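Bear in mind these aren't lab numbers, they're just calculated from the coordinates by the rules spelled out. Here the structure is a predicted model, which means the values were calculated and not measured. Positions of Cβ are backbone-derived with ideal geometry, glycine not excepted, and every protein chain shown enters the neighbour counts.
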Amino acid sequence: MTQKSTDVVWQDREITRRCREQVLGQRGCVVWFTGLSGSGKSTIAARLEHRLNRSGRAVYYLDGDNLRHGLCSDLHFAPADRRENIRRVGEVALLFAEAGVITLAAFISPYREDRERIRERAGKGRFFEVHVSTPVSVCEARDVKGLYARARAGEIPNFTGISAPYEAPENAELTLDTTDLSLDECVDRVANFLLERIRPEPVP
Ligand code: ADX
């Protein structure tokens, strides 16, 4: 007989998120960057991580390409693989946020439902979706990694924006189109948005 996950009982702990946040002097959250490959998600998240770290924040950036080298190295790009990829990295992001860290996550995450599930699990005021909405024509013209050309040549199947869908957010907290916005402008907008939202909750 195989054992069920329902046989495992949730263990409560003495130290709560609030205790950890008090030590860090900030509120843990997930800042979720979603958008096409080459839209600018990683570049913005990396620069934002740098800025928040320099200003004394506990911040960590989870990157799609990098996590696919380890935790998700068994996954490809078929719809079920992407779902599992986002489920796993979403859980990791939630753990970081639970530890009180400002967690930046940059993943194409093409399915709305998958992103919404993480939002719900994070709870109110703990998940902020940043849609990097740079259109496919611009991403393809940039083609930083040469992947769009390969996708057009039929060498990469299921390529988001070319041969696989992308479901844009309907209620993103922020939308950034890097066609006209500079990197500094994008980082400023996210940093300003976060300013009030990462204040720790007052201890009752
Ligand atoms: S996601 O769809 O599962 O969220 P993720 O963000 O982890 O994707 O990885 C996207 C990165 O994988 C892209 O930036 C690109 O470098 C690379 N990649 C390789 N194959 C594909 C593909 N078929 N579609 C999109 N990106 C791909």
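Could you tell me how far the Cα centroid of segment 113-142 sits from the Cα centroid of segment 1-50, in Å? Centre-to-centre distance over Cα atoms comes out at 15 Å.
Karplus-derived 3J(HN,Hα) values for segment 22-38, using 6.51 cos²θ - 1.76 cosθ + 1.60 with θ = phi - 60°, are 4, 4, 7, x, 7, 9, x, 7, 10, 9, 9, 8, 10, x, 5, 4, x Hz; glycine and proline are entered as x.
Its relative contact order, with pairs defined as Cα atoms under 8 Å and 6+ residues apart, puts the chain at 32 percent.
With the convex hull drawn over the C-alpha atoms of the chain, the volume per residue is 144 Å³.
Adding -39500 (n - 2.57) for every DSSP H run of four residues or longer, then dividing by how many residues the chain holds, sets the calculated 222 nm ellipticity at -12000 deg cm²/dmol. Across segment 181-194, coupling constants 3J(HN,Hα) worked out from phi with the 6.51/-1.76/1.60 Karplus curve, θ = phi - 60°, read 8, 6, 4, 4, 5, 5, 5, 4, 5, 5, 4, 5, 4, 6 Hz, and Gly and Pro carry x. Here the 3J(HN,Hα) profile of segment 49-55, calculated from phi with Karplus coefficients 6.51, -1.76 and 1.60 at θ = phi - 60°, is 4, 4, 5, 5, 4, 5, 8 Hz, Gly and Pro shown as x. Of the peptides 151-159, 111-119, 10-18, the ranking by mean beta-carbon count within 10 Å, highest at the top, reads 111-119, 151-159, 10-18.
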